[in-house]
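The values are calculated or read from the model by the stated rules, or taken from the named source; none is laboratory data. All values reported here derive from a predicted model rather than from experimental measurement. Neighbour counts are summed over all protein chains in view; Cβ atoms, including those assigned to glycine, are modelled from backbone coordinates with ideal geometry.
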Amino acid sequence: MSNTPKLRFPEFKGEWEEKKLSDFMTRLTRKNSNNESSRALTISSVDGLIDQGEFFKKQIASKDTSGYYLLKKGDFAYNKSYSVGYDYGSIKRLDRYENGVVSTLYICMSLTSDTNSNYLTHYFDSMKWNKSVSEISAEGARNHGLLNIPTESFFQTKHFLAPTLAEQQKIADFLSNVDSIITAETKILNTLQKKKKALMQKLFTQQLRFKSDDGTDFPGWEEKKLGECVISISSGKNKQKDSAGNYPVYGSMGIIGYSEQYVYNKDCILVARVGANAGTLHIAKGKYDVSDNTLIIELNENELLSFYYYLLVNINLNKLNYGTGQPLVTSGMLKNIDIQIPCKAEQQKIADCLSSIDSLIQTQQKVVTTWQQRKKALLQQMFI
């Protein structure tokens, strides 16, 4: 078997080198003894090493962080926690801040040899190192989401690296350019989403009003309870979420499977009823089934589905959910929501306006997703 990647710049030849992690990384156990940094970090598989307050919207670390490891910009850390798509955790470099502290559960490292640091950030993102780590991870030995990986063995894991700094630099530059494109396209997406949010706020507080086609003002909005505008708000009936078939089964995260039979045959608004996604909204059309952790809002026949969907999105039901255990949204709570309703013609204009910006958002989301998929494919082909 040749130790060369599937995709390689043509000017570079020769086998890639197998190295132990300890050949190019050394362990860091530097403590925050003098409280040099008060910024507690966490590792996100997507965002890398990031301030806990920014990521969790609250501080998770202890108030006294003097016993934590102190990282400086350019240092690496390995989070042994597994998550969806990251079975063996994540290795990330500190890029956002000059320093920060992490839990001693992390394995911290610094670069020691003539290896390009930017190249390594992309290599660790490729997950090609997972195979070597999997060989030292005790099967089934997990404690609160942490993999049982001995530190000494971790530094003995094998890795294939490009043999010259020139090739490493070219790979790093190429993939960093792809990252720059993804960042730029994501920024456009975020801007569109913010514009939509601001527009919805103005529309549903009536700071911004449409006029009729003949230029006259629409009548004032009518105050109602949501329950006055619906036939029913009830929970779903499906129990067999994974059965194979032709009809979509909706759950709290959208379509979660397909069924050979359907229960509903009317366009409705779906609301996640329980769990972390409680309050999340979807529109279901045609023939479908719904899981029992989802509420179905069936509107009166003369009501405009798309308008009510945007109205409820603007209310942000995620903030209204309650429960002593898991977050919970009930049909009674939804029926008692106070809403203001414009005439049908203005409802249509509002829905059309928001649908048009949604189309732009969906198109831009596809652009971002396409580039992310390209990056993922490149990582698999450009590393061993």
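Would you mind finding the one in K128, K196 that is under 29 Å from D87 (Cα atoms) and in contact (Cβ under 8 Å) with a residue 60 or more places away in the chain? Before you say what the answer is, go through the steps one by one.
Working: K196 fails: under 29 Å from D87 (Cα atoms).
Matching residue, one of K128, K196: K128.
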For the structure I just gave you, tell me whether Q348 is under 30 Å from S212 (Cβ atoms) and under 20 Å from the mean Cα position of the chain (by Cα). no
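Looking at the range 178-230 only, could you name the residues that are in a strand (DSSP E or B) and surrounded by fewer than 11 Cβ atoms within 10 Å (Cβ to Cβ)?
Here is the first cut: in the range 178-230, the ones in a strand (DSSP E or B) are 211, 217, 222-225, 230.
Selection gives D217, E223.
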Of the residues that make up the range 244-259, is at least one assigned to a loop (DSSP other than H, G, I, E, B), out of contact with any Ser or Thr (no Cβ under 6 Å at 6 or more places or on another chain), loosely packed, with under 13 Cβ neighbours inside 10 Å and modelled with pLDDT under 90? yes
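From the list A77, A61, which one is assigned to a loop (DSSP other than H, G, I, E, B), among the hydrophobic types (A, V, I, L, M, F, W, C) and within 32 Å of the chain's Cα centre (by Cα)? Reasoning before the result, please.
Numbers: A77 fails: assigned to a loop (DSSP other than H, G, I, E, B).
The unique qualifying residue is A61.
Mind telling me which of the residues G100, G53 ends up being in contact with a Lys or Arg (Cβ under 7 Å, 6 or more places away or on another chain) and either part of a loop (DSSP other than H, G, I, E, B) or more than 19 Å from L146 (Cβ to Cβ) (or both)?
Values: G53 fails: in contact with a Lys or Arg (Cβ under 7 Å, 6 or more places away or on another chain).
Only one candidate qualifies: G100.
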Among (1) in a loop (DSSP other than H, G, I, E, B); (2) at pLDDT 95 or above; (3) not basic (K, R), there is one condition Q169 misses while meeting the rest; what is its number? (1)
